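As structure tokens, the structure follows; a few thoughts come after it.
The values are calculated or read from the model by the stated rules, or taken from the named source; none is laboratory data. Just so it is clear, the structure is predicted and the values come from calculations on it, not from any experiment. We place every Cβ from the backbone using ideal geometry, glycine too, and count neighbours over all the protein chains shown. Note: areas computed on protein heavy atoms with side chains; ligands, DNA, RNA excluded. Shrake-Rupley method; radii C 1.70, N 1.55, O 1.52, S 1.80 Å.
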Amino acid sequence: MTLDKNWFSEEQAGMGSAFSLKITAKLDEVQTPFQHIEIYDTETYGKLMIIDGCYMVTSRDNFLYHEMMTHPSLFTHANPKRVLIIGGGDCGTLKEVLKHDSIERAWQVDIDEQVTRMAEKYFPELCESNDDPRAELLFEDGVKWIQDAEAGSLDLIIVDSTDPVGPAEGLFTEAFYRDCHRALGANGMLVQQSESPLYHLQLLKDMHQAMRNAGFADSKTLHYPQPSYPSGWWSAIMAAKQSLPAFREDDARNKSFKTRYYNADIHKAALTQPEFCREAGL
Ligand code: SAM
């Protein structure tokens, strides 16, 4: 990461590439027991949150990620009621989950309370649903929280974490997926941000394999744009204990809430695999 004149650049480890935004002001900074959080104002992307030198959230492009980390799985599960979000401290994923009327409870378990406090101050538009009576915000390690979760108590687990290093490393393991499998009901689903198909293809392959080894019978890769993340091409893996149910296309086409990226056609397109991903078995 370099702060060259008025630019914040995230150099993408080992990729010989970087992403930079022109900065107009540094607004805040905190070193927590878990990570280093910085907040900037930018010339064209609104506010910017950096965690440990990595682009995390911008006002301009976070909708792509938050909509695609939630609506494809919520319109695939037959009747999602009880949702766990691990990570998601900026609260944008929680906001999208709670747009679904079927949701009865949504727990958000983020290891670092400071991420949420910073989001409340600098990204209030992502925190609009934090006071929804169905929501509960907890500040714990998701790796440990899921170990204590009651068997069969969840319909959907969304892992909206940082990269598989540091505090999030344990969220990308077969042991963690086994704990998720146990906590999910019979028709339970798991969706996890799975980095860049262009830069991290081996990680995606390993994640699919670890989920299958942990007992998930089915798993598919979702693709979507995310300009401020490495390569600008991001993904999520959607897995199910049984085979993934049929997409509830009519429900998606007649959804009662607004989105800016997600729709039924995007849903289907996101599950279409490019040739190199198909060859990799994604
Ligand atoms: N959209 C981002 C991405 O794809 O990299 C993720 C955004 S969200 C801010 C990532 C969150 O994961 C952070 O708030 C961080 O505190 C949280 N996190 C990392 N490791 C965790 C763990 N073991 N348990 C719970 N939350 C964790």
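Output the residues belonging to the stretch 205-222 that are open to solvent by less than 20 Å² (accessible area, probe 1.4 Å) and either under 21 Å from PRO72 (Cα atoms) or part of a helix (DSSP H, G or I) (or both).
Matches in the stretch 205-222: MET207, HIS208, ALA210, MET211, PHE216, SER219, THR221, LEU222.
Pairs needed: first member in the stretch 67-87, over 22 Å from TRP234 (Cα atoms); second member anywhere, at pLDDT below 95 and open to solvent by 10 Å² or more (accessible area, probe 1.4 Å); C-beta distance under 6 Å; at least 6 residues apart or different chains.
Within 6 Å, the pairs are ALA78/PRO245.
When you check LEU84 against the structure, is it farther than 20 Å from GLY188 by Cα, in contact with a Leu (Cβ under 7 Å, 6 or more places away or on another chain) and part of a strand (DSSP E or B), yes or no?
Spelling it out, it is not the case that LEU84 is farther than 20 Å from GLY188 by Cα, in contact with a Leu (Cβ under 7 Å, 6 or more places away or on another chain) and part of a strand (DSSP E or B).
Need at least 3 residues that are surrounded by fewer than 17 Cβ atoms within 10 Å (Cβ to Cβ) per element, so show me which strands (runs of 3 or more DSSP E) inside the stretch 122-204 make the cut, counting only ones lying wholly within it.
184-193
Return the residues of the stretch 112-148 that are more than 14 Å from ASP160 (Cβ to Cβ) and touching a Ser or Thr at 6+ places or on another chain (Cβ under 6 Å); say none if nothing qualifies.
GLN114
Do you know which residues across the stretch 21-42 are under 17 Å from PRO167 (Cβ atoms), among the polar types (S, T, N, Q) and surrounded by 19 or more Cβ atoms within 10 Å (Cβ to Cβ)?
Within the stretch 21-42, just GLN35 meets the criteria.
How many of the residues making up the stretch 49-63 are more than 10 Å from the ligand (Cβ to nearest atom) and not in a helix (DSSP H, G or I)?
6
Scan the stretch 103-113 and give yes if some residue there is away from the ligand (no atom under 16 Å from the Cβ), open to solvent by 10 Å² or more (accessible area, probe 1.4 Å), hydrophobic (A, V, I, L, M, F, W, C) and assigned by TED's automatic domain parsing to the domain that holds ALA168, otherwise no.
Within the stretch 103-113, none of the residues are away from the ligand (no atom under 16 Å from the Cβ), open to solvent by 10 Å² or more (accessible area, probe 1.4 Å), hydrophobic (A, V, I, L, M, F, W, C) and assigned by TED's automatic domain parsing to the domain that holds ALA168.
Please determine, by comparing only the residues of the stretch 1-20 that are out of contact with any strand residue (DSSP E or B) (no Cβ under 7 Å at 6 or more places or on another chain) and of a type in the set (Gly, Ala, Ser), which one is least open to solvent (accessible area, probe 1.4 Å).
Among residues in the stretch 1-20 that are out of contact with any strand residue (DSSP E or B) (no Cβ under 7 Å at 6 or more places or on another chain) and of a type in the set (Gly, Ala, Ser), the one least open to solvent (accessible area, probe 1.4 Å) is SER17.
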